[in-house]
Amino acid sequence: MAKKHKNDKHLDDVATDSAEAKKERKKAYEKEIARLQVEIAYLQSWVQASGARIVIIFEGRDAAGKGGVIKRLVERVSPRVFRVVALPAPSDREKSQMYFQRYMAQLPAAGEVVIFDRSWYNRTGVERVMGFTSEDKVRRFLQVVPHLEGLIIESGVILLKYFLDVSEDEQERRFRQRIDDPVRQWKLSAMDLESYRRWWDYTKAYDEMISATGSPHAPWWIVNSDDKKSARINCITHLLKSIPYERVESDEPKLGKRQKRPDDYVADSIARNIVPSVF
């Protein structure tokens, strides 16, 4: 058997240390996400009790991790309170409407949080870059949208806007990961591939969007998402700090006593189709 070289042992030690560091980091991440999700539950109680209306917009590069942030935001709360809106391409009827009309119909009522997984800012992103709208309409949108958002906020809505950014190299790595993984291939659309090819067209479009539509009343918050776990924690932490919610005291629910089995109850004798146990 060949004698193990001193450098080989050093590399083994480094690999072990790296694996341990990853394990510890994952553990710390899961602990912090769990803590933040408790706070999101407190936020939900406050929203219901106060009748607050909240809109959270998530925009960003393709494969920047918007879905991951949204998933962690809503996985422990009620979909009746936290509603995710991801509108498909407009129908022929919607194309004939005022541009903002289908988005305004999704705004929250009292006691609701609406999360836009992409929003009216499609006009300055994919629609502009892919030529689905005219440059005149884009220019008009950039002029109008800060005023529209001002009116939304004046009506009492809390509006937060996040843009998730990712580097060229990291986006390519994630795209290739989707290509190679059957359970992720559905995430890779023709538009995603086009956004990969048109990186700089999208860069210029997003730069102008953020510059023109960020305002004192509705600023853009940029989330560096090259590290997905850090992005989730940083974004959710900022979101919670941006909303003036309070913990709502409530009485502890009591189960009470379960009723007794009736003396005249007879179990149904009809055969039932039982799902086989395979695990």
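Scanning the stretch 110-152 for residues that are open to solvent by 30 Å² or more (accessible area, probe 1.4 Å), of a type in the set (A, V, I, L, M) and within 22 Å of D165 (Cα to Cα) turns up V126, M130.
Restricting attention to the stretch 41-56, and to residues there that are β-branched (V, I, T) and surrounded by 23 or more Cβ atoms within 10 Å (Cβ to Cβ), which single residue is nearest to the chain's Cα centre (by Cα)? Step through it out loud before you land on a result.
Here is the first cut: in the stretch 41-56, the ones β-branched (V, I, T) are 47, 54-56.
Then keep just the ones that are surrounded by 23 or more Cβ atoms within 10 Å (Cβ to Cβ); that gives 47, 55-56.
Values: V47: 19, V55: 12, I56: 9 Å.
The extreme case among them is I56.
The condition (being touching a residue at least 24 places away in the same chain (Cβ under 8 Å), surrounded by 17 or more Cβ atoms within 10 Å (Cβ to Cβ) and farther than 28 Å from W186 by Cα) is satisfied by just one residue among L107, L73, L36: L36.
May I ask you to verify whether K161 is at pLDDT below 95, under 21 Å from G60 (Cα atoms) and among the basic types (K, R)? Break it down into steps so the answer makes sense when it comes.
Details: at pLDDT below 95: no; under 21 Å from G60 (Cα atoms): yes; among the basic types (K, R): yes.
For K161, the condition - at pLDDT below 95, under 21 Å from G60 (Cα atoms) and among the basic types (K, R) - is not met.
Does K241 satisfy the criteria of being under 30 Å from F163 (Cα atoms), open to solvent by 100 Å² or more (accessible area, probe 1.4 Å) and assigned to a helix (DSSP H, G or I)? Don't jump to the end; show me each part of the working.
Numbers: under 30 Å from F163 (Cα atoms): yes; open to solvent by 100 Å² or more (accessible area, probe 1.4 Å): yes; assigned to a helix (DSSP H, G or I): yes.
It is true that K241 is under 30 Å from F163 (Cα atoms), open to solvent by 100 Å² or more (accessible area, probe 1.4 Å) and assigned to a helix (DSSP H, G or I).
Evaluate the following for V14: is it open to solvent by less than 80 Å² (accessible area, probe 1.4 Å), at pLDDT 90 or above, hydrophobic (A, V, I, L, M, F, W, C) and part of a helix (DSSP H, G or I)? Reasoning before the result, please.
Working: open to solvent by less than 80 Å² (accessible area, probe 1.4 Å): yes; at pLDDT 90 or above: no; hydrophobic (A, V, I, L, M, F, W, C): yes; part of a helix (DSSP H, G or I): yes.
Here the answer is no, as V14 does not meet what is asked.
When I236 is tested against (1) within 22 Å of E127 (Cα to Cα); (2) aliphatic (A, V, I, L, M); (3) modelled with pLDDT of 95 or more, exactly one condition is not met: (1). Of the residues in the stretch 204-214, at least one is outside any helix (DSSP H, G or I) and open to solvent by less than 70 Å² (accessible area, probe 1.4 Å). Taking each residue of the stretch 173-188 that is in contact (Cβ under 8 Å) with a residue 24 or more places away in the chain and under 19 Å from K228 (Cα atoms) and looking for partners that are in a helix (DSSP H, G or I) and of a type in the set (S, T, Y) with beta-carbon atoms closer than 7 Å, six or more apart or interchain, yields F175/Y196. Look at (1) in contact (Cβ under 8 Å) with a residue 24 or more places away in the chain; (2) outside any helix (DSSP H, G or I); (3) farther than 14 Å from I236 by Cβ and you find that P79 fails only one, number (1).
Might you check whether a residue that is basic (K, R), part of a loop (DSSP other than H, G, I, E, B) and either without any contact (Cβ under 8 Å) to a residue 60 or more places away in the chain or touching a strand residue (DSSP E or B) at 6+ places or on another chain (Cβ under 7 Å) (or both) occurs anywhere in the stretch 266-275?
At the first step, the residues of the stretch 266-275 found to be basic (K, R) are 272.
Now narrow it down to the ones that are part of a loop (DSSP other than H, G, I, E, B): 272.
Narrowing further to those that are either without any contact (Cβ under 8 Å) to a residue 60 or more places away in the chain or touching a strand residue (DSSP E or B) at 6+ places or on another chain (Cβ under 7 Å) (or both): 272.
There is at least one residue in the stretch 266-275 that is basic (K, R), part of a loop (DSSP other than H, G, I, E, B) and either without any contact (Cβ under 8 Å) to a residue 60 or more places away in the chain or touching a strand residue (DSSP E or B) at 6+ places or on another chain (Cβ under 7 Å) (or both).
Within the stretch 185-199, take every residue that is within 10 Å of A63 (Cβ to Cβ) and at pLDDT below 90 and give me the one that is surrounded by the most Cβ atoms within 10 Å (Cβ to Cβ). Lay out the reasoning, then the answer.
We begin by selecting, within the stretch 185-199, every residue within 10 Å of A63 (Cβ to Cβ); these are 187-188, 192, 195-196.
Okay, now just the ones that are also at pLDDT below 90, so 187-188, 192.
On the way: K187: 15, L188: 19, D192: 16.
That would be L188.
The values are calculated or read from the model by the stated rules, or taken from the named source; none is laboratory data. Model, not experiment: these values are computed from the prediction. Backbone-built Cβ (ideal geometry, glycine too); neighbour counts: all protein chains shown. Note: accessible area is taken over every heavy atom of the protein model, side chains too, but ligands, DNA and RNA are not part of it. Shrake-Rupley method; radii C 1.70, N 1.55, O 1.52, S 1.80 Å.
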